[in-house]
1. Go through (1) of a type outside the set (Ser, Thr, Tyr); (2) under 20 Å from A:Asp182 (Cα atoms); (3) without any contact (Cβ under 8 Å) to a residue 12 or more places away in the chain; (4) part of a helix (DSSP H, G or I) and name the single condition A:Ala294 misses.
2. Pick from the stretch B:360-387 the residues that are in contact (Cβ under 8 Å) with a residue 60 or more places away in the chain and part of a loop (DSSP other than H, G, I, E, B): which of them is surrounded by the most Cβ atoms within 10 Å (Cβ to Cβ)?
3. Can you pull out the residues in the stretch A:212-239 that are under 20 Å from A:Asp174 (Cβ atoms) and surrounded by fewer than 16 Cβ atoms within 10 Å (Cβ to Cβ)?
4. How many residues, within the stretch A:41-58, are of a type in the set (A, V, I, L, M, F, W, C), within 12 Å of chain B (Cβ to nearest Cβ) and either closer than 19 Å to A:Ser156 by Cα or out of contact with any helix residue (DSSP H, G or I) (no Cβ under 9 Å at 6 or more places or on another chain) (or both)?
5. Exactly one condition in (1) surrounded by fewer than 14 Cβ atoms within 10 Å (Cβ to Cβ); (2) modelled with pLDDT under 90 is not met by A:Gln305; state its number.
6. Residue check, B:Val356 against (1) open to solvent by less than 50 Å² (accessible area, probe 1.4 Å); (2) closer than 15 Å to B:Thr317 by Cα, all met but one. Which one?
7. Of the conditions (1) at pLDDT 90 or above; (2) exposed (fewer than 15 other Cβ atoms within 10 Å of the Cβ); (3) under 24 Å from A:Ala204 (Cβ atoms), A:Ser297 fails just one. Which one is it?
8. Anything in the stretch A:358-388 that is hydroxyl-bearing (Ser, Thr, Tyr) and under 25 Å from the mean Cα position of the chain (by Cα)? List them, or say none.
2 protein chains.
Amino acid sequence: MARIVMKFGGTSMAGIERIRNVANRVKHEVDAGNQVAVVVSAMAGETDRLVNFCREASPLYDPREYDVVVASGEQVTSGLLAIVLQSIGVNARSWLGWQLPIRTSDAHASARIAAIDTAALDASLAAGEVAVIPGFQGMADGDRVTTLGRGGSDTSAVAVAAAMKADRCDIYTDVDGVYTTDPRIVPRARKLSRVTYEEMLELASVGAKVLQTRSVGLAMKEKVRVRVLSSFDDSRDDDGHRGTLIVGDDEIEEGSMERQLITGIAHDKNEAKVTLVAVPDRPGAVATIFTPLADASINVDMIVQNIAHETGSTDVTFTVPKAELARALDVLEKARPTIGFERVLHATNVCKVSVVGVGMRSHAGVAATMFKALADRGINIQAITTSEIKVSVLIEDDYTELAVRVLHTAYGLDAEEETVDA
Amino acid sequence: MARIVMKFGGTSMAGIERIRNVANRVKHEVDAGNQVAVVVSAMAGETDRLVNFCREASPLYDPREYDVVVASGEQVTSGLLAIVLQSIGVNARSWLGWQLPIRTSDAHASARIAAIDTAALDASLAAGEVAVIPGFQGMADGDRVTTLGRGGSDTSAVAVAAAMKADRCDIYTDVDGVYTTDPRIVPRARKLSRVTYEEMLELASVGAKVLQTRSVGLAMKEKVRVRVLSSFDDSRDDDGHRGTLIVGDDEIEEGSMERQLITGIAHDKNEAKVTLVAVPDRPGAVATIFTPLADASINVDMIVQNIAHETGSTDVTFTVPKAELARALDVLEKARPTIGFERVLHATNVCKVSVVGVGMRSHAGVAATMFKALADRGINIQAITTSEIKVSVLIEDDYTELAVRVLHTAYGLDAEEETVDA
């Protein structure tokens, strides 16, 4: 007997027929003798509908009341799933965020989970009940309803799994796992049977949108084994695995002597490039740039600073989310007297392409391979950043698909050609 | 300063623009210095949508989970109204059923309110906040969500008004008050400025669907002054009143020396007629008919039993809701050996027409006037029942409108012809 958390996203819960499909998957785990808690999202489109109501009510809505409104979407699907489960003979009940309770901070609309009381949940599971838990929602001190921010149901699932010491947290979604890169760009992208938390964090945050980044961070901290798999497709890979398992470093190293150096290639077109020309080259200069941006809650990603010109000034290039560009330029203009730059340049026709893999820690030459592969195709690199398990470059966005394909091949990630059965 | 409960139905809450209209009405009462609690329904159509989800999930849905699903409709509108109120400068917050809490029985899907804790509510009102409370919902022991049954928001409003000792409970709806009869049948029907609880009970239960019957009974028991008025129309009657005030007998008698004998004419086409022919005329015979019907939760309304035939048997006629007719016939057929009737007749082309008024208590001849007026037009009476403040007759449904018009005139209820300003 294992304890399992199963999480189903909005596409999987969109309408009663799909909820029946979900219920059958849950029944399958129950029939196998497992204790099961299910975390559900609202029906696809429902949260948008509710958010739009709030915005229409007032652009400056009270986030406490916003939470009351938007939490209802998951309340509906959790009740419906409990009904459908009962109708196929599975003992089930819903547990709303305030009923367990799932205690959160009072940062309404983007609350963080503080603790989950498991006394009632444990008793329910021990009695053979499936617990159906609405994702995304919780309760702050003072018994107010909270929500975790968009995509928060993944985080709810991992938090429930951690609290109930689940053996596994299965995240059912509309793709069948994590791929070496976007299969729409590289048809020969391969599904990964395992990735590490760190790799998943890099892959998710740079554009492989399978799982909410925050939930991966929580899974890593709480050592929750997470599996991403499809609600709609039961196919298994050559090794008999379904989906992609996200685990700690140790589990990967053990099992795969011939582990790939690079796990995947990600890309992200949501960044804009900003260059401050002729910033005085003196101690503290960089702080004068990034402190006001941080104060405005603008997230800066890549930062490149070259050595000083002979004139005693330097150029500083960095990226910010495209949606924040106008605000960032405004902040910089206001801070110009303090920073003392000559002029500011910006561009939105850029893309960040990254190679990710824990294997690169122990291998030199990963970055060199990347630069050479791109140079061979005449792709100009505008900026570079590296972390322990990632190398990212900023390139002109027209070259995105070419760059991803070239790198996917260069690191030996292409699947073998499919053999067509005669 | 007064304490006021304002209740808005689904039509009044259907969409943000209408919620803004509601918010302006609330602000008006707040600006007049009143302490205000608002009870809201779900948006028109929303509860049907949620109920249909449950039915589609399973015709035999668990009512505990049904309650989780359908309670969400009012949760949404209460959050939205709080947001809109804040946007026009009114301090407001929502209080969900479990937050106050509104404690109910555990009869899920048709729970009864047991008690409302007012400590938090009183503190909130005293602090100048408008309390926005979702109607229809509550919490049973064990912290499960309950709902009160369709139309339950009226009952929520009256219960909140009783608990907070409100000076008045204003029920805003899509009509501007209670009329002497259905204005679609009698264009010269008059809006009543006051009716008694008892009259309202009779008018509501026989077809004047302005206010849920159950809420009127609660208002009578708790002595809550209820006013029914329009969300969309601010017009006042000749006496300067808006809507219709529902009050105790005492308040009526005081104010109106020349009170009408009859308050209104109601009709109800939802009843079917059943006649059991040749039931043995012996003690206990009637019990053998109505006990099995009661056991099957079939509500019997009019009952007519004539004196026995010379053969030692009698015919018993009664009415049941049309929706229950097939089931009633089935119950009777199964009980035939016990009851011992010869055959059963039924008809659905019937209508119950009633004249209602507390004034009839002290006046003879009300029933006679009714029978004569109907006879003059050749309308045949199939059954009669009377209560202290009501006389009802069952007639063929084709004559419904004619009968209502004839009676409206016979009791002097017609409004004077409107004078057209030159």
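1. (2)
2. Only one residue fits best here, namely B:Gln382.
3. Hits for the stretch A:212-239 are A:Phe232, A:Asp233, A:Asp234, A:Ser235, A:Arg236, A:Asp237.
4. Residues that pass the stated criteria total 2.
5. Here A:Gln305 clears every test but (1).
6. (2)
7. (1)
8. If the condition is that a residue be hydroxyl-bearing (Ser, Thr, Tyr) and under 25 Å from the mean Cα position of the chain (by Cα), then A:Thr385, A:Thr386, A:Ser387 are the ones that fit.
The values are calculated or read from the model by the stated rules, or taken from the named source; none is laboratory data. Fair warning: this is a prediction, and the values are worked out from it, not measured in the lab. Cβ coordinates were reconstructed from backbone atoms using ideal geometry, including for glycine residues, and neighbour counts include every protein chain displayed. Note: accessible area is taken over every heavy atom of the protein model, side chains too, but ligands, DNA and RNA are not part of it. Shrake-Rupley method; radii C 1.70, N 1.55, O 1.52, S 1.80 Å.
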